[in-house]
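One structure below.
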Amino acid sequence: MGQTFQILGFFLIVLTLLMQWETYVKGVIWLFSISSFVVALFLVLLGLSHPGQGYLLFVLAGLTVSVRGIIIPLIMNKALRSLYKKPWRVREDRPMLGIGGSILVSLILILIGFFIYQNSLYEVLKIKSGAVPFALFMQASLLIISRKNAYIQMMGFLVMENAVVMLSGWVFSGLPFVVEAGAILDLLGLVVVSSLIIRVREEAIMQEGDSFEKELRG
Amino acid sequence: MQYSTYLLPLAISLCGALLCIIRGAYFEKIVSIVAASGVLIATVSNLWKADNISGFFYVDGLSKILMLTIALIYLTTVLYSTAYLKHIKNPLFQSRLYYILLNIFAAAMFFSVIADNLGLIWVGIEATTVTSALLVATENDQVTIESAWRYVIIVSTGLVISLISTTFIFGASGTLSLHVLLQHHPTNRVFLIGLLLGLIGFGTKAGIFPMHTWPDVHGKAPSPVSAIFSGVLLPVALYAMARLIQVSALPAVRIFSLVLGILTVIVAALMMTVQTNYKRMFAYSSMENMGMILVGFALGGSGVIGAAIVILAHGLAKSGVFFLTGDVLSTYHSTDIADIHSLFKRMPRSAFGLFLGSMAVTGAPPFAIFAGELFILAQLIQSYGWLLAVVLILFLAIAFIAVNYRTGKMIFTGTHGGIAEQHRWETWIPLINLSLSVLVLFMIPYFEQLLKPFFKP
């Protein structure tokens, strides 16, 4: 089972790297959806390896697929459609890093994630591939910092949440169900509210530019 | 069943939110005022009830003080909002939705301060982000929308760190229940890392250094929202930090909190000296006060009593100040300090309130914040000697001068303009809050009694 988890973890890192290099917003949303399905698969496998509390993990996997894998991407896509005539052409046009730079920084961050884990938690936890969620977390942080497009920043935040699910399940055998379920519901609420704010924000930027930056400085 | 009264504030505010869905002239305002009044009555009656520490609730003296602060600011914010919303020319949504969100926001805060489970406290605090993000954007201009977005992304990212911390704490101790953690006080390395991450994560929401970048964003929110953010949302996040400090038997956690608290005061004081926007200046003043509260919690002993005094007194005084900035903004149509002159001549009542308010929030005697800071400083001297206390006093003095100099400039300089103040009933609300913040002084013996079992230095 350990090796299967490692493969899933590796797959999640690859998906996040692809998000980092993807410039089209719709592409990032689909990549997030796929990564959420991978997280749900991970939870199902975790449930199979913990027969006592398996049913709660299956429920959690169902919630993950429905909320993170389906509903959130649908909400984000709907928000895109309502704002743009050609939503598939919406892209990050002001990335802080070029493709080459983002590949380099992504790889460095993965190494930093492994380094932090090996030197802080590995001695205590003794799980070799426990660094995967940390590497994912670092990748998601880069996605938020290096992009100006609010939809992609939101996706970065959601990937962070996926990293936490991986961390809690893989390294610590899960959080209490009520907390995990509460977190998913909060996440759903946050995405709905954020979609509204992003939509109004993008409309304002399209009409007036981003002259507000000066007023928010200091 | 006996203790279900602790659920009343949460239940009443949620019912208020639900009833606001019904359409009717002024209906949402009346419902919200009734709900907030009911919440205050329920909260005050709970003050004399026994603590409840069980598998579901964790209600002790600190929770009660937080509940009282939330209830008072919630009621005054609802009252002030009924008048303030009329001045918003192009609101993002109908006023019904504003009141629905405000009521749920209050309910989420009540939930956070009574839950016995660190994970559920996290859920409650994250729920405050969901409900309050749209409130920031109420005024529907580009700057407030951008502020709302920054608020969402910064605070949510910080809260992911605290979710990771929750995972670590659960992994290290096998429980998230506060009362169980308090019995066992785990000391292993994973638990320590969890606590430190939690302090940083919840610190983001509380405006604590180094994740302090969002409080200036709430300076852009509508005045009633700024008031409830500064007055209670920041302390609710600090409440989670206080619980993390409480469950730890490791000195490193207290020292880390103390360092974060002192750095927060220093950074906020320095930021205040360069502010040109009066709302943002008062937002940084909130950050400074949160730093002092964190120092109090980290020290324990009389520091905790000081922290509790600052929480209630600052909540009342700062909400009053933000209500007054709403009055100033609706007359001058600017948040730039340079644009505000002759306030005392044009708006004497607001100017008087703002003068008192800025003195109160910067800890001038005889306001209760002064007494709270004295408690904290006395404990600091007792625990760590004079040097740290002198550094802290120096930066408190810088903050005092920065805020009062600028406020004085707005109030007393300039000679032009006639009376512009309208004698509306809502202009009394900030003055009532400021008066109450003085009266907190008389509650100090009661606070000592409430918090006796809480912390030892």
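The values are calculated or read from the model by the stated rules, or taken from the named source; none is laboratory data. Remember, it's a predicted structure, so these values are computed and weren't measured experimentally. Using ideal geometry, Cβ is built from the backbone for each residue, glycine included, and neighbour counts are taken over all protein chains shown. To get the accessible areas, we keep the full protein, side chains included, count just its heavy atoms, and leave off ligands, DNA and RNA. Shrake-Rupley method; radii C 1.70, N 1.55, O 1.52, S 1.80 Å.
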Which three numbers, in whole Å and largest first, are the semi-axes of the equivalent ellipsoid of the stretch A:8-57 derived from its Cα gyration tensor as √(5λ)? 28, 10, 5
Check: chain A dipole with +1 on Lys, Arg Cβ and -1 on Asp, Glu Cβ, in debye: 460 debye
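How big a patch of accessible area, both sides summed and in Å² to the nearest 100, lies buried between B and A at a 1.4 Å probe? Kindly include the intermediate steps, with their values, before the conclusion.
Details: alone 16390 and 11340 Å², together 23830 Å².
Counting protein atoms only, the buried area is about 3900 Å².
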Using only C-alpha positions, report the orientation-averaged shadow area of the convex hull of the stretch B:140-226, nm², one decimal. 6.6 nm²
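Let me know the charge dipole size of the stretch B:251-457 about its Cα centre in debye, to the nearest 20, where only the beta-carbon of Lys, Arg (+1) and Asp, Glu (-1) is charged.
Details: 12 positive and 8 negative charges, 6 e Å.
Here the stretch B:251-457 has a charge dipole of around 20 debye.
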Stretch in chain B that is longest and holds no trypsin sites (Lys or Arg not before Pro) that DSSP places in a loop and that have at most 12 other beta carbons within 10 Å: B:90-423
For the stretch B:57-66, what does the Karplus curve 6.51 cos²θ - 1.76 cosθ + 1.60, with θ = phi - 60°, yield as ³J(HN,Hα) per residue in whole Hz, taken in order and with x for Gly and Pro? 9, 10, 10, 10, x, 5, 4, 5, 5, 4
Based on Cα positions only, what radius of gyration and what Dmax would you give for the stretch B:214-332, in angstroms? 14.8, 53
For B:ASN277, enumerate residues with amide H under 5 Å from its amide H, sequence gap 5+ or separate chain, H modeled in the peptide plane. B:ILE337
What Kirkwood radius, in Å to one decimal, follows from the Cα pairs of the stretch B:110-174? 13.0 Å
Please compute, over every Cα-Cα pair in chain B, the percentage with a separation greater than 33 angstrom. 29 percent
With a 1.4 Å probe on protein heavy atoms only, tell me which residues of the stretch B:161-209 lose at least 40 Å² of accessible surface in the complex relative to the chain by itself. B:LEU163, B:ILE164, B:THR167, B:PHE168, B:PHE170, B:ARG189, B:VAL190
Just going by the charge dipole of the protein assembly as shown, with Lys and Arg at +1 and Asp and Glu at -1 on Cβ, which of B:ILE255, B:ASN52, B:ALA351 is farthest out on the positive end? B:ALA351
Given a cut-off of under 8 Å on Cα pairs at least six residues apart, what relative contact order in percent is computed for chain B? 15 percent
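Any idea what diffusion coefficient the stretch A:52-102 gets from Stokes-Einstein, in µm²/s, Kirkwood Rh on alpha carbon pairs, 4 °C, 1.567 mPa s? Provide the component values of the computation, followed by the final result.
Numbers: Rh = 14.0 Å.
Answer, rounded: 92 µm²/s.
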What whole number of Å gives the distance from the Cα centroid of the stretch B:100-149 to the Cα centroid of the stretch B:352-393? 30 Å
Taking trypsin sites (Lys or Arg not before Pro) as candidate sites, keep only those in a DSSP loop with at most 11 other Cβ atoms within 10 Å, then name the longest stretch of chain A containing none of them. A:127-216
For the stretch B:38-75 and the stretch A:18-91, what is the centre-to-centre distance using only Cα atoms, to the nearest Å? 39 Å
Using a 1.4 angstrom probe on heavy atoms only, work out the carbon and sulfur share of the accessible area of the stretch B:177-329 in %. 73 percent
Cut-off under 5 Å, modelled amide H: who pairs with B:ASN117 long-range: B:LEU178
With each label point set 7 Å from Cα along the Cα-Cβ vector, what nm distance links B:HIS333 and B:ASP51? 5.5 nm
What share of Cα pairs, in percent, lie more than 20 angstrom apart in the stretch B:251-457? 55 percent
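Restrict the search to the stretch A:19-94; then list the chymotrypsin sites (Phe, Trp or Tyr not before Pro) that DSSP places in a loop and that have at most 15 other Cβ atoms within 10 Å of their Cβ.
Values: sites: A:TRP21, A:TYR24, A:TRP30, A:PHE32, A:PHE37, A:PHE42, A:TYR55, A:PHE58, A:TYR84, A:TRP88; in loops: A:TYR84.
Passing sites in the stretch A:19-94 are A:TYR84.
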Cα atoms only: what Rg and Dmax, in Å, come out for the stretch A:1-100? 16.3, 50
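Send over the semi-axes of the stretch B:218-272's equivalent ellipsoid, whole angstrom and largest first, taken as the square roots of 5 times the C-alpha gyration tensor eigenvalues. Intermediate results must be reported in sequence, preceding the final value.
On the way: eigenvalues 140, 53, 5 Å².
Its equivalent ellipsoid spans semi-axes of 26, 16, 5 Å.
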In the neighbourhood of B:THR415 defined by beta carbon distances under 12 Å, the net charge of the other residues (Lys, Arg +1; Asp, Glu -1) is +2
What is chain A's relative contact order, in percent, from Cα pairs under 8 angstrom and six or more apart in sequence? 25 percent
Under the Karplus curve 6.51 cos²θ - 1.76 cosθ + 1.60, θ = phi - 60°, whole-Hz ³J(HN,Hα) for the stretch B:307-316, x wherever Gly or Pro sits: 4, 5, 4, 5, 4, 5, 5, 5, x, 5
Find the accessible area per residue for the protein assembly as shown; the probe is 1.4 Å, ligands and nucleic acids are left out, and the unit is Å². 35 Å²
Distribution of pairwise C-alpha distances over the stretch B:294-401, 10 Å bins, in %: 15, 38, 26, 16, 5
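Cβ under 15 Å from B:PHE105's Cβ, B:PHE105 left aside: what net charge do those residues give with Lys, Arg +1 and Asp, Glu -1? Before the final figure, lay out the partial values.
Values: positive: B:ARG96, B:LYS205; negative: A:ASP186, B:GLU28, B:GLU126.
Overall, the nearby charge balance is -1.
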Could you work out the percent of alpha carbon pairs in chain A separated by over 29 Å, rounded to a whole number? 29 percent
Taking the chain alone as reference and the full protein assembly as comparison, with a 1.4 Å probe on protein heavy atoms only, the residues of the stretch B:114-134 that lose at least 30 Å² of accessible area are B:LEU120, B:TRP122, B:VAL123, B:GLU126, B:VAL130, B:LEU134
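Could you tell me the convex hull volume per residue, in Å³, taken over the Cα atoms of the stretch B:1-96?
Taking the convex hull of the Cα positions in the stretch B:1-96, it is 111 Å³ per residue.
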Which value does Rg/Rh take for the protein assembly as shown over its C-alpha atoms, Rh per Kirkwood? 0.96
Using a basic spin-label model with each label point 7 Å from the Cα along Cα→Cβ, how many nm lie between A:LEU125 and B:TRP386? 4.8 nm
Mind checking the mean number of beta-carbon atoms from other chains within 10 Å of the Cβ atoms in B:338-348? 0
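Taking the Cα centre of chain B as origin, work out the dipole magnitude from +1 charges on Lys and Arg Cβ and -1 charges on Asp and Glu Cβ, in debye rounded to 20. Show your work: numbers first, answer last.
Numbers: 24 positive and 17 negative charges, 46 e Å.
Computed charge dipole of chain B: roughly 220 debye.
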For the stretch A:166-206, compute Rg over Rh where Rg is the Cα radius of gyration and Rh is the Kirkwood radius from the inverse mean 1/r over Cα pairs. 1.28
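When the helix-only estimate is applied to chain B (DSSP H runs of n ≥ 4, each -39,500 (n - 2.57), divided by the residue count), what is the mean residue ellipticity at 222 nm, nearest 500 deg cm²/dmol? Kindly include the intermediate steps, with their values, before the conclusion.
Details: 20 runs with 333 residues, N = 457.
So the calculated ellipticity at 222 nm is -24500 deg cm²/dmol.
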Phi-based couplings in Hz for the stretch B:319-335 (Karplus 6.51, -1.76, 1.60; Gly and Pro marked x): 5, x, 4, 5, 4, 5, 5, x, 4, 5, 4, 6, 8, 8, 6, 8, 10
Under 11 Å, Cβ to Cβ, from B:ILE305 - net charge with Lys/Arg +1 and Asp/Glu -1: 0
